Amino acid sequence: MSSPAHAQLEPQQPTGSIIRVKPEALDAKEAGEVRKRFAQCVYARAKSKARALLVSSDIATVDIQAARIKDIKLELDLEHCLGDQVRFDQAALGLSLRPDVLRDLLAEESYLAQNRGAPSLASDAPPLEFRPAASNRAPQTAVALMTFADCTVRRDVVRVDALLRTMPATPQERKAAAVLAPTLGSCLVVGQQFALKPANIRALMAYAMWARFGR
């Protein structure tokens, strides 16, 4: 099973990028800060479009058409928000941002905006009902991802919340992800493969927390 892709702030080919500028490498910590501030800016400036994108998509598929977004760069003000994060000495900053990456970033910001602390969840809370995107051509993959992510949330919602309150690519994020590792392992089913890296974990947990507590 392929894991979600993530924003990359480093030299790379521009194929598939939404925003294209000549790339220049940033260290991981700075890249994480830029990514976080960028997502906060997009969500603050385009809440209704961000929510439409989230509601029309699922954990594996982004349905921009169903969200009635014709120009994602313009309607979500992506270039403005990227420009806010680029200093005069970072004119060659490159951000490759796929729609599924944007979905994960916006899910995190939407969840955090609506939940100032870790939400309560009963120990016997039932699994979340999966809602597929209209354009999803492989719903079984999305169901598997959602089941895994929601299982982790149901078993350890406080630690999942703590992960999303760290800055990306920091020691705090790595520590929070490591603390979640046993729960993540217990939610994997036989034959399921997933790269348990902090960025991958964060993306799935962000969507799962938004789906349960932010939708």
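Here are the numbers for the structure shown:
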{"quantity": "Output for the stretch 78-98, where each listed residue is buried (at least 18 other Cβ atoms within 10 Å of the Cβ) and either within 16 Å of the chain's Cα centre (by Cα) or at pLDDT 85 or above (or both)", "calculated": "L78, C81, L95, S96, L97"}
{"quantity": "Test for V153: is it among the hydrophobic types (A, V, I, L, M, F, W, C), assigned to a helix (DSSP H, G or I), under 19 Å from the mean Cα position of the chain (by Cα) and within 16 Å of N115 (Cβ to Cβ)", "calculated": "yes"}
{"quantity": "Residue match in the stretch 149-160 (condition: loosely packed, with under 13 Cβ neighbours inside 10 Å, without any contact (Cβ under 8 Å) to a residue 60 or more places away in the chain and not aromatic (F, W, Y))", "calculated": "yes"}
{"quantity": "Qualifying residues in the stretch 13-45 (those that are of a type in the set (G, A, S) and within 13 Å of the chain's Cα centre (by Cα)) - the one modelled with the lowest pLDDT", "calculated": "G32"}
{"quantity": "In the stretch 28-43, the residues that are aliphatic (A, V, I, L, M) and either without any contact (Cβ under 8 Å) to a residue 24 or more places away in the chain or touching a Cys at 6+ places or on another chain (Cβ under 9 Å) (or both)", "calculated": "A39, V42"}
{"quantity": "S48 vs. criteria at pLDDT 95 or above and open to solvent by 50 Å² or more (accessible area, probe 1.4 Å)", "calculated": "yes"}
{"quantity": "Residue that is in a helix (DSSP H, G or I), among the small types (G, A, S) and under 24 Å from V101 (Cβ atoms), where the choices are A144, A133", "calculated": "A144"}
{"quantity": "Condition check for P119: out of contact with any strand residue (DSSP E or B) (no Cβ under 7 Å at 6 or more places or on another chain), open to solvent by 30 Å² or more (accessible area, probe 1.4 Å) and not in a helix (DSSP H, G or I)", "calculated": "no"}
{"quantity": "Hits in the stretch 175-205 (condition: farther than 21 Å from D124 by Cα, in contact (Cβ under 8 Å) with a residue 24 or more places away in the chain and surrounded by 14 or more Cβ atoms within 10 Å (Cβ to Cβ))", "calculated": "A177, F194, P198, A199, N200, I201, R202, A203, L204"}
{"quantity": "Every pair of residues 6+ apart whose Cβ atoms lie under 9 Å, when the first sits in the stretch 125-143 and is farther than 20 Å from M209 by Cβ and touching a residue at least 60 places away in the same chain (Cβ under 8 Å) while the second is aliphatic (A, V, I, L, M) and in a helix (DSSP H, G or I)", "calculated": "N136/A142"}
{"quantity": "Filter result for E129 (surrounded by 20 or more Cβ atoms within 10 Å (Cβ to Cβ) and closer than 30 Å to R68 by Cβ)", "calculated": "no"}
{"quantity": "Check on V160, aliphatic (A, V, I, L, M) and either under 21 Å from A39 (Cβ atoms) or touching a helix residue (DSSP H, G or I) at 6+ places or on another chain (Cβ under 7 Å) (or both)", "calculated": "yes"}
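The values are calculated or read from the model by the stated rules, or taken from the named source; none is laboratory data. From a predicted model like this one, the values you see are computed outputs, not experimental measurements. Ideal geometry is used to build each Cβ from the backbone, glycine not excepted, and the neighbour counts take in all protein chains shown. Accessible surface is based on the protein model in full, side chains and every heavy atom, while ligands, DNA and RNA are left aside. Shrake-Rupley method; radii C 1.70, N 1.55, O 1.52, S 1.80 Å.
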